[in-house]
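Down below is the structure, laid out as structure tokens.
Every number in this text was worked out from the coordinates using simple rules, so none of it is lab data. All of these numbers come straight from a predicted model, not from anything done at the bench. Here the Cβ positions follow ideal geometry from the backbone for every residue, glycine too, while neighbour counts run over all protein chains shown.
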Amino acid sequence: MSTRTNSPLGRVLARLVTIEPHEVGAVVAAFLLFFFMWAGYFSVRPVRETVATLLGRDQVADLWLYTGAFSILLIPLYGAVVGRFRRSTFLPWTYGIVAAVMALVGIWFSTAEFNPLLGKSFYVFISVVNLFLISMFWSFLLEIFDKGQTKRLFGVIAAGGSAGALTGPLVADITVSSIGESGVLFVSAVMFIVAIVCQRVLLRIWSDRPVTAASAANEDKPIGGTWFAGIALILRSPYLLGIALFIVGVSAVSTLLYFEQLRIVAETFPDPTERTRIFARIDWIVQSLTVLSQVFLTGRIAKYFGVTALLTAVPIVMILGFLALAGSTSFVLFAIVFIMRRAGEYSFVRPGREMLWSPLDKETKYKAKNTIDVPVYRVADYFGGQATVALGAVGITAGGMMLVGAVVAGAWGLVGWWLGKKFEGSTTAQQRGVGAVAEQSG
């Protein structure tokens, strides 16, 4: 990693998190990379939702299936790229491709009438690429930082993404009236270009790190292997299957709350403009709480209470939240539960689940991780949405849905507890020479 520094920024970071001087350069570069990448994505999310309103609700619901299908189809392509190209080549190129797509769609918005086919393609592209971007980001960070560093540093790095998620919609809100949707897409393209610069800096820091036996094993070279290696790795390892099941739990809880959100907001606020204002206000509160939690709490909780606490705290809160909503589905109570779920997921669940990958080899971190993060997540979204609609169709009330949510959250928490214990125990196992946690669990 970077050379040791006693810069003012390093001293500020040292007060906020437990960080060593020689780690400052990599942490700052990762923070900024996550910021610009996520600001670029979140700035175009409102444009995606505008496209959704033009397509109509029924067509958008069908697009969930296409999103899951394309997520699965991209796995062979991604596996081939990871196997044949160096990270220093395909990581910046990925951001470049996204920037080019944003610019091309921006040109389309400014020069042509709305085309439903192009609108659907753009919607699916944004829905798929966001999960690939964040999965690749964390995969690379897991090469740079070891297991102990992930506990201390992933919280503050994740805050960079949360700050970007707060900045992106704000930029779109302020500028869209003057530059239009096409201008917002051009701004997003610029943000992804800046992300390329940040990625190059991070790659340079990685390549300039002191060479040890451990770092030599993670040298910047093609990972090799077959495109379907990720699927095979998952099927052979109970630990990886557990991570996949944990992701299904994340999706199921989110989907239940998403549909309840649509119902409660529609009933409480008849005016569409007021609904938009409420959604924006919830987003602002969520991202603000997330940044504060990631900077001041996440690393400390991981350090003193372990990854198990990060993975189980939100499920426990959600059990209580769902039970409360089963008795009263007022908007205020729902907003509190919804905000706690989203802020808790970004602050604790997401960093915690990324830490689970730190003991594993690099092929698993790239191939198996992206298989779980993208197609498993999106397919779970689709089936979760269909299951929720089916429960409503057979007469399950809103209160009954919330009781189902409490049961799902309980199962989610149990999986998180099991994974956390496996992760914490992997250190002892590795010290005894057992090997990676995926192997000892297989």
Legend entry - Three-way shape call for the stretch 105-156 based on the alpha-carbon gyration tensor, with the a/c threshold at 1.5: prolate
Inset, instruction - Go through the stretch 343-359 residue by residue and turn each phi into a ³J(HN,Hα) via Karplus (6.51, -1.76, 1.60, θ = phi - 60°); whole Hz please, and just put x for glycine and proline. - result: 4, x, 5, 5, 7, 10, 5, 5, x, x, 6, 6, 5, 4, 8, 4, x
Legend entry - Residue pairs, from the table Lys369/Lys421; Lys147/Lys367; Lys367/Lys421; Lys120/Lys362, whose Cα atoms sit over 31 Å apart: Lys120/Lys362
Inset, instruction - Can you tell me how much longer the chain between Glu49 and Glu424 gets when fully stretched, taken as 0.36 nm per residue apart minus their C-alpha distance, in nm with one decimal? - result: 130.9 nm
Inset, instruction - Provide the net charge surrounding Ile396, with neighbours chosen by a C-beta distance below 14 Å and charges set as Lys +1, Arg +1, Asp -1, Glu -1. - result: 0
Inset, instruction - With label points built 7 Å along Cα→Cβ from the Cα atoms of Leu241 and Leu320, find their separation and express it in nm. - result: 3.4
Inset, instruction - Report the full-extension gain for the segment Asp208 to Ser330: residue separation times 0.36 nm, less the Cα-Cα distance, to one decimal in nm. - result: 38.4 nm
Inset, instruction - Report the full-extension gain for the segment Ile72 to Glu113: residue separation times 0.36 nm, less the Cα-Cα distance, to one decimal in nm. - result: 11.6 nm
Inset, instruction - Kindly write out, for the stretch 139-147 in residue order, the coupling ³J(HN,Hα) from the Karplus curve 6.51 cos²θ - 1.76 cosθ + 1.60 (θ = phi - 60°), rounded to whole Hz, with x marking Gly and Pro. - result: 4, 5, 4, 5, 7, 7, 10, 7, 4
Legend entry - Taking the C-alpha atoms of the stretch 229-442, convex hull volume expressed per residue in Å³: 121
Inset, instruction - Mind ranking 373-381, 393-401 by how tightly packed they are, going by the mean number of other C-beta atoms within 10 angstrom, highest first? - result: 373-381, 393-401
Inset, instruction - DSSP loop (so not H, G, I, E, B), at most 14 other Cβ within 10 Å: list which trypsin sites (Lys or Arg not before Pro) in the stretch 56-155 pass both filters. - result: Arg86
Legend entry - Cα→Cβ-extended label distance, 7 Å offset, between Ala393 and Ile174, nm: 4.6
Inset, instruction - Can you spot the aspartates and glutamates whose alpha carbon is less than 13 Å from Lys303's alpha carbon? Ignore those fewer than 8 places along the same chain. - result: Glu424
